[in-house]
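Let me begin by presenting the structure, written as structure tokens, before commenting on it.
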Amino acid sequence: MDYTWAVLVIGGVAVLTTLTLPRRFESRWRAAELRLAVIERNLSLVMDHLGVAAPEPEYPTVVTELLAGRKIAAIKEYRDVTGAGLAEAKEAVELLAVRLGLPGGR
């Protein structure tokens, strides 16, 4: 018997499944991110209402780089630790430098 058609059908199903599964997971991931953003926003509003300040996260390796005067290395380390983008990391490191009373802040 010729199984060419069966192989083509099974291959086609496999290809379609491979192409559609990432979209399903991507949409679920986006939905979870949106829900998390709403939860974080609500938590922030509650904390503001109660007058509770969230503790600042500490990044000892970033502080070490700043204390050594290596701002660019501190930004790179911040990005590695947090996964932040360049602009966000630069701003965070500059704010940290200001809080620590170091030059290189804003």
(request) Any chance you could count how many residues in the stretch 59-106 are surrounded by fewer than 12 Cβ atoms within 10 Å (Cβ to Cβ) and among the charged types (D, E, K, R)? (result) 2
(message) Please determine whether any residue of the stretch 51-69 is touching an Asp or Glu at 6+ places or on another chain (Cβ under 6 Å) and among the hydrophobic types (A, V, I, L, M, F, W, C).
(response) yes
(message) Please go through the stretch 42-55 and give me each residue that is exposed (fewer than 10 other Cβ atoms within 10 Å of the Cβ) and of a type outside the set (A, V, I, L, M, F, W, C), ordered by number.
(response) HIS49, GLY51, PRO55
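Each value in this text was obtained by applying a stated rule to the coordinates, not by laboratory testing. Here the structure is a predicted model, which is why all the values come from computation and not from measurement. As a convention, Cβ positions derive from the backbone with ideal geometry for all residues, glycine included, and neighbour counts pool all protein chains shown.
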